[in-house]
Amino acid sequence: MAKMPRMNGAVTGNFGRAKVKAMPGTYELSKRTLTKQSLRIPRPDDVMQRYMDAYNNTDDPKLQKFLMETIRDYYNKRIQHV
C-alpha cells in the first residue's frame, strides 16, 4: 500500500526550516521583467556562436570539453535533418 503524503504540519524544504517567503516586491518585479516584449531568446545559431567564442576564450578543460560536445551534438543533429 502506498504511503499517503503528509497533509499537515510545517511546510519544509529549506533544510528543516519553515519555508521563507520572498522579499516584498519580488513578485511584482519578475512580473514586469518576464514579459514577452522583454524576453530575448537567441536563435540556435547565435547560441552556437557564443559557445564557440567561449570555447576559444577559456582555458578550463572541463568547460572546453562540455562546449565541444554541445557544439558537436548540435551540428550532428543539423546534418541529420538536412
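The values are calculated or read from the model by the stated rules, or taken from the named source; none is laboratory data. The structure displayed is predicted, hence computed values, not measured ones. All Cβ positions, glycine included, derive from the backbone under ideal geometry; neighbour counts span all protein chains shown.
Please name all residue pairs, on different chains or six or more residues apart, with Cβ atoms under 8 Å, provided the first residue is in region 66-82 and is closer than 12 Å to residue 47 by Cα and the second residue is in a helix (DSSP H, G or I) and among the small types (Gly, Ala, Ser). That search, which allows pairs on different chains as well, returns 67/54.
The condition of being surrounded by 10 or more Cβ atoms within 10 Å (Cβ to Cβ), among the polar types (S, T, N, Q) and modelled with pLDDT under 95 holds for only one of 26, 33, that being 26.
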